[in-house]
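Nothing in this text is a laboratory measurement; each read-out follows from the coordinates by a stated rule. Only a predicted model underlies this, so the values are computations on that prediction, with no experimental measurement involved. Every residue, glycine among them, receives a Cβ derived from its backbone with ideal geometry; neighbour counts consider all protein chains shown.
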Amino acid sequence: MTAHAWEQLAAIVAIVAIAAPPLGFYLARVFGDGPAPGDRIFGPVERAIYRIVGVDPDHEQRWNVYAMSLLAFSVASVVVLYAMQRLQGHLPLDPTGAHSIDPALSFNTAVSFVTNTNWQNYAGESTMSIFTSMVGLAVQNFVSAAVGITVAIALVRGLTRDGARTIGNFWVDLIRATTRVLLPIALVAAIVFVSQGVIQTFAAPVHAHTITGATQVIPGGPVASQESIKMLGTNGGGYFGANSAHPFENPNGVTNLLQIVLMLLIPFALTFTFGRLAKDRRQGFVLAAAMFLIWFAAAFALTSFESAGNPRLTSRGVDQSMSVGRVGGNMEGKETRFGAAGSGLFGATSTGTSTGAVNASHDSFTAAGGAVPLVAMMLGEISPGGVGAGLYGILIFALLAVFIAGLMVGRTPEYLGKKIQAAEMKLVVLYILVTPLVILAFTALSVAFAGPRSAILNHGPHGLTEVTYAFTSAANNNGSAFGGLSTNTTWYNTTLGIAMLLGRFMLIIPVLAIAGSLARKKRVPVNAGTFPTGTPLFTGLLVGVIVIMVGLTFFPVLALGPIVERLGG
Amino acid sequence: MLRRQLIPALRAVIVLTVLTGVLYPLAVTGIARVAFPARADRSLVRVDGKVVGSRLIGQPFTGPEWFHPRPSAAGDGYDAMASGASNLGPTNPAFLRTVEDRVAAYRAENGLGPDVAVPVDAVTASASGLDPDISLRNATLQAPRVARARHLQAAVVLGLVARNTHGPALGFLGERRVDVLGLNLALQRVR
């Protein structure tokens with residue numbers, strides 16, 4: 001990494017380190033029992049919303065009712081978004097004359113945005129009307145992130161309550177996450193984006209007559225308002241096909257830095273929320289430290305690999321060196337204004353946070369570089385993971401870590417004074433097995449049949465990586481792609497849609513079940529045999545457990561993909 | 001139990017749609033239009049009142065009298081309605097052949113010997129296909145050709161390159177780069 005890359009990395013770390021703790025403490029008050037800042041402003045609005053929705057905010061739910069509310073909300077969201085795309089040609093705000101969308105793609109996109117994945121089998125500028133983007137897709141950018149927060153908060157309540165039957169009210173958590181957290185931050189970030197050149201207009205495409213006598217059609221759209229929540233909610237769905245590489249979405253180094261910070265902000269903040277609600281801030285620190293270590297390793301590795309360039313180009317007379325005035329490294333699929341540093345830091349963050357936004361073509365990363373975002377996703381999106389999903393994901397790994405520590409010393413494991421027993425461990429194992437099973441099964445099927453195999457752009461080991469990447473991204477609700485794979489087909493629209501649904505709800509339901517089971521338990525006092533979970537040792541154990549789990553599961557497919565490609569010269 | 005939850009669910013989707021899908025983007029649009037009208041409306045560049053492009057969106061330029069942008073995979077090249085990358089893998093033989101051809105063409109165009117290494121940005125396609133910038137090294141290598149074609153002193157052209165070179169914000173956010181449309185507009189004004 002160059003000095004320049006280190007400076008950007010240091011700036012990101014500094015801003016997140018300053019902003020995440022206060023935001024986390026604010027979140028603890030928003031989702032805690034007492035009054036919260038801004039009650040006077042938000043209170044009346046929220047009470048009006050509860051009346052319209054028809055829910056009693058003071059009525060708490062058991063875990064299964066909480067889960068049902070969440071599922072019902074997600075079903076309703078998929079139905080509305082699906083209908084909006086199918087009817088797009090008949091809806092307003094369509095200056096580009098976008099047509100209604102076919103059933104397979106509508107299904108895939110509806111599921112994709114509701115599950116916080118934002119996998120895109122289409123290019124926004126040619127397929128989506130302003131109406132669908134703004135009133136459909138961007139709405140899910142808010143509420144799917146809010147749903148992630150509700151699950152994380154429910155799990156924290158399960159861990160911290162003592163002999164309780166309920167874990168909160170889904171509707172209250174959903175609405176408070178939207179109004180008090182996502183909307184205010186997104187509004188401010190959107191205005192900052194516009195100040196830097198991100199567009200926000202309802203105008204039709206403008207026909208520019210260039211100085212060489214050609215015509216260039218330049219699209220419009222309410223991009224800034226979607227861009228801010230796309231990053232803050234770790235969604236990642238681009239208004240345009242090029243996503244955060246598009247100059248109208250991410251025009252310069254300042255917006256690039258802000259986008260990276262927005263992705264990291266809430267996932268790290270939630271670890272401080274956890275520490276506050278657990279009344280032991282070290283418990284939050286150790287999780288944040290584990291998240292940070294993995295994120296840092298990925299950011300460093302990806303930036304280094306991409307800065308080193310593509311050795312096959314050097315021998316063909318290409319200058320990939322970096323210095324003042326030279327933009328070096330592997331520049332295929334990268335923007336000049338970001339270079340290898342801005343692209344590497346962004347790519348590692350986007351895949352470590354389940355955002356899946358891209359400011360560079362991941363398919364064109366070097367063989368070793370392309371493995372970094374792939375592995376970041378395979379780790380289960382915990383570095384620092386999606387909004388809410390990162391915290392509940394790493395808490396599940398924490399339960400696994402204390403279980404393994406318990407096995408080593410032969411005692412019943414405990415976490416925050418709760419005994420972790422067979423019921424919880426079965427659910428933890430379910431959580432951990434679903435994603436790899438979905439990824440490996442669908443990848444194997446896709447490369448076994450000629451039809452899905454013909455979607456590959458870059459053949460050989462790189463082609464296997466394209467397919468593996470697609471299902472890893474979908475099942476982990478990331479949304480980034482090795483874009484060479486042509487996935488707007490019935491096979492991929494369907495299988496990727498199923499992968500996204502399983503990867504979202506087959507994880508959320510076990511998490512809520514664990515929350516319900518833990519909430520009922522009485523806290524046991526700390527004794528000499530309790531494995532301490534607030535120490536650097538636990539961070540080390542946690543990182544070790546995550547890396548070994550993933551290594552054992554995915555090493556064979558990584559060996560056949562990026563490792564063979566890298567060793568091939 | 002799921003069915004009983006569907007009515008509040010549907011109502012919640014509608015209320016939250018009004019809030020985050022209508023009121024919020026309208027608020028952003030309103031503020032943007034007042035505070036940053038030109039930037040919100042695509043940073044359009046006008047010459048004699050007519051739109052000639054956007055400051056942020058690259059354009060195709062060919063011919064020896066213009067500075068050339070990077071190769072583009074957006075449509076047939078710099079199609080702003082079809083942004084995107086080539087997605088070609090680093091070991092793909094087709095990609096490597098394309099780069100070889102671009103290296104040869106770049107050397108021929110700019111009168112460079114076979115031992116001159118060609119700047120990487122000049123022979124690789126960007127992620128958006130709409131990259132408005134090139135590296136300073138790339139612009140410097142193109143400058144003598146442009147000066148010859150326009151019968152200008154090389155120093156004049158290099159001066160324009162310097163004036164259209166943008167450093168990273170705050171000295172470290174992003175890369176040093178040359179704005180191709182701005183540079184070509186400046187060239188045209190010289191004539």
**OP:** Sort out for me the Cα centre separation of region B:1-28 from region A:140-155, rounded to whole Å.
**Re:** 14
Original post:
Which shape class, rounded, prolate or oblate, goes with region A:413-471 when its Cα gyration tensor gives a ≥ b ≥ c as root eigenvalues, a/c under 1.5 marks rounded, and past that a/b bigger than b/c marks prolate?
Top reply: prolate
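What is the magnitude of the charge dipole of the protein assembly as shown about its Cα centre, with +1 placed on the Cβ of each Lys and Arg, -1 on the Cβ of each Asp and Glu, and no other charges, expressed in debye to the nearest 20?
On the way: 54 positive and 39 negative charges, 303 e Å.
Value, rounded to 20: 1460 debye.
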**OP:** Please give the average number of partner chain Cβ atoms lying within 10 Å of the Cβ of each residue in B:130-138, rounded to a whole number.
**Re:** 6
Original post:
Taking Cα pairs under 8 Å and at least six residues apart, what relative contact order does chain B come out at, in percent?
Top reply: 19
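Assign one of three labels to region B:15-155, namely rounded, prolate or oblate, based on the Cα gyration tensor with a ≥ b ≥ c the square roots of its eigenvalues; rounded applies when a/c is under 1.5, prolate when it is not and a/b is larger than b/c, and oblate otherwise. Write out the running numbers ahead of the final one.
Details: a/c = 3.44, a/b = 1.68, b/c = 2.04.
Here region B:15-155 falls in the oblate category.
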Original post:
Using only helices, what value at 222 nm comes out for chain A when you add -39,500 (n - 2.57) per DSSP H run of length 4 or more and divide by the total residues, to the nearest 500 deg cm²/dmol?
Top reply: -20000 deg cm²/dmol
Subject >> Proximal lysines to A:Lys521, defined as alpha-carbon separation beneath 22 angstrom and excluding residues fewer than eight positions away on the same chain >> reply: A:Lys279, A:Lys418, A:Lys419, A:Lys426
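Going by C-beta contacts inside 10 Å, put A:His362, A:His4 in order with the fewest on the left. Intermediate results must be reported in sequence, preceding the final value.
Details: A:His362 30, A:His4 22.
So the residues, fewest neighbours to most, are A:His4, A:His362.
Provide the net charge surrounding A:Pro57, with neighbours chosen by a C-beta distance below 9 Å and charges set as Lys +1, Arg +1, Asp -1, Glu -1.
Details: positive: A:Arg47; negative: A:Glu46, A:Asp56, A:Asp58.
Here the count lands on -2.
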Subject >> Computed E for B:Arg4/A:Val188 - FRET, C-beta separation, R0 30 angstrom, nearest 0.05 >> reply: 0.20
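Only four residue types carry charge here, +1 at the Cβ of Lys and Arg and -1 at the Cβ of Asp and Glu. Report the dipole size of region A:431-569 about the Cα centre in Debye, rounded to the nearest 20. It would help to have the intermediate numbers written out before the result.
Working: 7 positive and 2 negative charges, 132 e Å.
Result for region A:431-569 is approximately 640 debye, rounded to the nearest 20.
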Subject >> Among B:Val120, B:Gln188, B:Ala105 - extreme Cα towards positive end, dipole of chain B, charges at beta-carbon >> reply: B:Gln188
Original post:
From the residues A:Ala204, A:Phe113, A:Leu537, which one has its Cα farthest along the dipole of chain A in the positive direction, the dipole being from +1 and -1 charges on Cβ of Lys/Arg and Asp/Glu about the Cα centre?
Top reply: A:Leu537
Original post:
How far apart, in nm, are the 7 Å Cα→Cβ label points at A:Leu433 and B:Ile14?
Top reply: 4.3
**OP:** Please report, in whole Å, how far the alpha carbons of region A:295-436 spread along each principal axis, starting with the longest.
**Re:** 62, 28, 26
**OP:** Work out the charge dipole of region B:10-134 with +1 on the Cβ of Lys and Arg and -1 on the Cβ of Asp and Glu about the Cα centre, then indicate which of B:Leu23, B:Val45, B:Ala94 is farthest towards its positive end.
**Re:** B:Leu23
Original post:
If you take the Cα atoms of region A:389-567, find Rg, then find the Kirkwood Rh from the mean of 1/r over all pairs, what is Rg/Rh?
Top reply: 1.06
**OP:** Calculate the radius of gyration of the Cα atoms of chain A to one decimal place, then report Dmax, the largest Cα-Cα distance, as a whole number, both in Å.
**Re:** 22.9, 81
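Per residue of A:62-74, count partner chain C-beta atoms within 10 Å of its C-beta, then hand back the mean as an integer.
For this peptide, the per-residue mean of nearby foreign Cβ atoms is 4.
As a footprinting exposure proxy, order B:Arg39, B:Arg11, B:Arg46 by other Cβ within 10 Å, with the fewest listed first.
Details: B:Arg39 22, B:Arg11 17, B:Arg46 10.
Ranked by crowding around the Cβ, least crowded first: B:Arg46, B:Arg11, B:Arg39.
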Original post:
Distance from the Cα centre of region B:45-69 to that of region A:1-33, in angstrom?
Top reply: 40
Subject >> Environment charge of A:Leu416, counting only residues whose C-beta is closer than 11 Å and scoring Lys/Arg +1, Asp/Glu -1 >> reply: +3
**OP:** When a/c is below 1.5 the answer is rounded, else prolate if a/b is larger than b/c, else oblate, so apply that to region B:44-89 with a ≥ b ≥ c taken from the square roots of the Cα gyration tensor eigenvalues.
**Re:** oblate
**OP:** Find how much the distance from A:Thr490 to A:Ala3 grows on full extension, using 0.36 nm per residue of separation minus their present alpha carbon separation; answer in nm with one decimal.
**Re:** 170.6 nm
Original post:
Once you put a point 7 Å from the Cα of A:Asp102 and another 7 Å from the Cα of A:Val564, both along the Cβ direction, what distance in nm separates them?
Top reply: 3.1
Subject >> chain A: relative contact order as a whole-number percent, Cα under 8 Å and 6+ apart >> reply: 19
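Taking 1 over the mean of 1/r across every pair of different Cα atoms in region A:207-266, what Kirkwood radius in Å do you get?
Numbers: mean 1/r = 0.0788 Å⁻¹.
Final number for the Kirkwood radius of region A:207-266 is 12.7 Å.
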**OP:** Could you run the Karplus curve 6.51 cos²θ - 1.76 cosθ + 1.60 with θ = phi - 60° over region A:313-329 and give me ³J(HN,Hα) per residue in whole Hz, x for Gly and Pro?
**Re:** 7, 4, 5, 9, x, 9, 8, 10, 6, 10, 6, 4, x, 10, 9, x, x
